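Student: Handing you this structure, nothing more for now.
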Amino acid sequence: MAEQSYYESLMAGLEDAVAYIEGDKGRGREVVREIPNPVPEYRAADVVRTRKALNLSQRHLAYALGVSPRTVEAWESGKNEPSGAARHLLYLFETDHSLVERLTAR
């Protein structure tokens, strides 16, 4: 059997996608990933509460999260909100205070 050209391969993929959308579930597959416990949003008051519960200064929290102290200031003043890895780390720090102790080498 001859090898398909890029064009033919791309067209076949697009035809499969259209057929799948139109109801032919045998021409594709669907992957659904559920996040069992999504990480909560952290607003200004949440960041302050978490930092104080951890007994950290803004500088030390910034060090533990790998961000600048100005970033923590912006979060706490409501100018910005933590996202991505910082939000996940805040959640982990909040649930297990020993993680912060290990990161800040207290």
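Student: Quick check on Val39: is it within 19 Å of His97 (Cα to Cα), touching a Lys or Arg at 6+ places or on another chain (Cβ under 8 Å) and part of a helix (DSSP H, G or I)?
Tutor: No; evaluated as a whole, the condition is false for this residue.
Student: In region 88-106, which residues are buried (at least 18 other Cβ atoms within 10 Å of the Cβ) and either basic (Lys, Arg) or farther than 15 Å from Arg43 by Cβ (or both)?
Tutor: If the condition is that a residue be buried (at least 18 other Cβ atoms within 10 Å of the Cβ) and either basic (Lys, Arg) or farther than 15 Å from Arg43 by Cβ (or both), then Leu89, Phe93, Val100 are the ones that fit.
Student: Are any of the residues in region 12-21 among the aromatic types (Phe, Trp, Tyr), surrounded by 12 or more Cβ atoms within 10 Å (Cβ to Cβ) and modelled with pLDDT under 90?
Tutor: Checked region 12-21: at least one residue is among the aromatic types (Phe, Trp, Tyr), surrounded by 12 or more Cβ atoms within 10 Å (Cβ to Cβ) and modelled with pLDDT under 90.
Student: Run Thr50 past the list (1) out of contact with any Leu (no Cβ under 8 Å at 6 or more places or on another chain); (2) of a type in the set (Val, Ile, Thr); (3) surrounded by 10 or more Cβ atoms within 10 Å (Cβ to Cβ) and report the number of the one that doesn't hold.
Tutor: For Thr50, the exception is condition (1).
The values are calculated or read from the model by the stated rules, or taken from the named source; none is laboratory data. All of these numbers come straight from a predicted model, not from anything done at the bench. As a convention, Cβ positions derive from the backbone with ideal geometry for all residues, glycine included, and neighbour counts pool all protein chains shown.
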